[in-house]
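Report on the structure given below.
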Amino acid sequence: MMEDFKSQINADNLPNHIAIIMDGNGRWAEMKGKPRVYGHKNGVTSVKEVIEGCREIGVNYLTLYAFSTENWNRPKMEVRTLMALLVSSLRKELNTLVKNNIKLNTIGNIENLPEKAQVELAEVVEKTKNNASLTLTLALSYGSREEIVNVIRNISKKVVNNQIALEEINENIINNHLYTFSLPDVDLLIRTSGEKRISNFLLWQIAYAELYFTDTLWPDFRKENLFNAIVNYQHRERRFGKTSQQIEKIND
Ligand code: FPP
């Protein structure tokens, strides 16, 4: 039995935005002597668990790394299965998203996804756009460096066209040109499966995030694992470059 982490969560100090690198599906399946896609299929259960967990305790933003730009290099059949899983999950879960007041958002090069996935995503985004309890962002065909290159291109274009002066460029303007323009900074980044890497995910947005690594493989990740990560996060001191004494003063 796992410890009851939910009861240990301080509701006044929740991470506003949690981002997750869902890793270990392939290894989970291989350990069971099954094909890798079996791991991805079971990973969908974990996706549902973390969404429910966020709703239960009141986390406002959840961002999941579902498919990276590098993932296109995987075997064709694995890519096809991942896309099919995305489409079928969106179809199956649309009503649940609507009922639970969850807004679906995407980041990444959505135009690179198969037509079917784009259509399904557009429909769910449209039907959930006024929802306000949890913003669920799926990173699909996402790469952080590519995102930053696009930001630089778009801002440069505006400078050339005299829409922005060079001196005006600041962090705010950069934030507003990222895929994540409508999202707050990440507070807690979780990566499963024991790997301690960022793998080109939200490089700009995690500047002050707390990083949490767990050996649990993604298909085994449950609500309690999420709550455990949040309790761990709440025991850290976030200083944003300040000293402990300065932080104590702010909290007085
Ligand atoms: C990483 O495991 C996982 C992925 C690349 C895909 C994540 C996708 C899902 C959980 C299912 C579909 C998603 C949604 C939103 C419905 P890995 O294959 O890299 O594992 P490994 O490192 O053990 O090989």
Handout entry: helices (runs of 4 or more DSSP H) wholly inside region 148-252 that include at least 2 residues being farther than 20 Å from Ala19 by Cα and more than 22 Å from the chain's Cα centre (by Cα)
Key = 244-251
Problem - region 20-62, subset assigned to a helix (DSSP H, G or I) and basic (Lys, Arg), residue farthest from Gln8 (Cα to Cα) - result: Arg36
Exercise for the section: Check region 73-95 and report whether any residue there is in contact with a Ser or Thr (Cβ under 7 Å, 6 or more places away or on another chain) and within 28 Å of Leu217 (Cβ to Cβ). Expected result: no
Handout entry: Lone unmet requirement of (1) within 11 Å of the ligand (Cβ to nearest atom); (2) under 15 Å from the mean Cα position of the chain (by Cα); (3) closer than 22 Å to Thr180 by Cα for Asn105
Key = (1)
Exercise for the section: Go over the candidates Tyr233, Tyr208, Tyr212 one by one and state the one that is out of contact with any helix residue (DSSP H, G or I) (no Cβ under 8 Å at 6 or more places or on another chain) and within 21 Å of Arg55 (Cβ to Cβ). Expected result: Tyr233
Problem - Of residues in region 37-71 being of a type in the set (Lys, Arg) and either within 14 Å of Ile102 (Cα to Cα) or modelled with pLDDT under 95 (or both), the one surrounded by the most Cβ atoms within 10 Å (Cβ to Cβ) - result: Arg55
Fill in the blank from the handout: Residue hits (region 19-36; more than 9 Å from the ligand (Cβ to nearest atom) and surrounded by 16 or more Cβ atoms within 10 Å (Cβ to Cβ)) are Ala19, Ile20
Completion exercise
Of the residues in region 44-61, those that are within 11 Å of the ligand (Cβ to nearest atom), in contact with a helix residue (DSSP H, G or I) (Cβ under 8 Å, 6 or more places away or on another chain) and within 20 Å of Ile107 (Cα to Cα) number 4
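The values are calculated or read from the model by the stated rules, or taken from the named source; none is laboratory data. Quick caveat, the model's predicted, so the values are computed rather than measured. Every residue, glycine as well, gets a Cβ built from its backbone with ideal geometry; the counts of neighbours run over all protein chains shown.
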